[in-house]
Amino acid sequence: MTILTVDGVSKSFSEKEALRRVSFSVEEGEVFSLIGPSGSGKTTLLRLIDLIIHPDDGHIFFDNVDTEGGDKHRRVLRRRMGMVFQYPALFDLTVFDNVAMGLRIRGYPAGEVLEKVQEVLSLVGLSGLARRRANTLSGGEAQRVSLARALVTEPKMLLLDEPTANLDPRNVSIMERIVEQINRESKVTVILATHNLLQAKRLANRVGFLWEGELVEAGECEQMFRNPKDGRTAAYIEGKTVY
């Protein structure tokens with residue numbers, strides 16, 4: 001079953017075209033990775049999918065529902081998604097309170113908040129840091145708190161924007177293990193934007209290549225890396241300069 005359809009989406013900022021008529025779909029329960037160089041439009045596309053910004057043209061459908069509409073409509077849909085950015089943006093609160101915030105906003109009772117936060121902190125390996133202030137954490141710990149905050153509300157779709165770009169190998173491995181686990185056990189759909197081609201190979205079922213705001217091609221992970229259809233994709237995967 002298709003969970004996300006991006007249909008002819010374009011987006012510009014001032015006179016700069018960030019995305020041009022991008023179309024693709026994502027199936028429920030799969031890991032779809034967006035690859036491409038800096039400035040290709042990966043972050044803009046994730047922000048559109050996460051309903052932070054509106055497209056100039058085209059439509060985005062989440063669970064067969066058009067995401068365009070009033071603020072209330074978009075808030076309802078957005079609560080079924082989770083987003084982790086490249087740089088963790090934590091509140092100057094304890095780890096527990098950072099993770100609990102989304103549940104409290106949704107009106108969960110205190111006992112359920114406690115249970116859910118403890119469960120997700122265990123998942124990300126931070127149970128012992130629940131009472132630490134977020135501003136005392138290492139970069140890897142802070143990013144795992146960001147992931148916990150996204151997961152605690154049990155999203156149907158998880159969006160990851162270069163979530164391990166600034167992490168050491170140990171924390172990269174931990175983050176990837178968590179993503180694999182929640183995808184396998186909870187069937188959470190994952191859309192991952194990454195420069196790390198090995199990471200895309202490890203995690204993704206399918207891959208899409210973005211270049212200068214255009215989705216050049218998308219396909220099964222193995223096929224995309226072994227035999228891409230477009231020369232630009234092949235050049236990028238081989239580490240060559242793409243013109």
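The values are calculated or read from the model by the stated rules, or taken from the named source; none is laboratory data. Just so we're clear, the structure is a prediction, and the values are computed from it rather than from any experiment. With ideal geometry, Cβ positions are generated from the backbone for all residues, glycine too; neighbour counts draw on all protein chains shown. Side chains are part of the model used for accessible areas, which takes the heavy atoms of the whole protein and leaves out ligands, DNA and RNA. Shrake-Rupley method; radii C 1.70, N 1.55, O 1.52, S 1.80 Å.
Of the residues making up the stretch 30-62, just one is open to solvent by less than 10 Å² (accessible area, probe 1.4 Å), within 20 Å of Arg75 (Cα to Cα) and assigned to a loop (DSSP other than H, G, I, E, B), namely Asp50.
Working only within the stretch 178-196, note down all residues that are over 20 Å from Val124 (Cα atoms) and open to solvent by 40 Å² or more (accessible area, probe 1.4 Å).
Answer for the stretch 178-196, where residues must be over 20 Å from Val124 (Cα atoms) and open to solvent by 40 Å² or more (accessible area, probe 1.4 Å): His195, Asn196.
Among the candidates Ala165, Ala134, the residue that is in contact (Cβ under 8 Å) with a residue 12 or more places away in the chain and surrounded by fewer than 19 Cβ atoms within 10 Å (Cβ to Cβ) is uniquely Ala165.
Restricted to the stretch 63-108, and to residues that are of a type in the set (Asp, Glu) and in a loop (DSSP other than H, G, I, E, B), which residue is least open to solvent (accessible area, probe 1.4 Å)? Filtering the stretch 63-108 for residues that are of a type in the set (Asp, Glu) and in a loop (DSSP other than H, G, I, E, B), the one least open to solvent (accessible area, probe 1.4 Å) comes out as Asp63. Among residues that are closer than 30 Å to Glu185 by Cβ, open to solvent by less than 40 Å² (accessible area, probe 1.4 Å) and assigned to a strand (DSSP E or B), Val22 is not included.
A quick yes/no check of all residues on (1) outside any strand (DSSP E or B); (2) open to solvent by less than 20 Å² (accessible area, probe 1.4 Å); (3) of a type in the set (Ser, Thr, Tyr):
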position	(1), (2), (3)
Lys201	yes, no, no
Leu210	no, yes, no
Leu215	no, no, no
Ala218	no, no, no
Pro228	yes, no, no
Thr233	yes, yes, yes
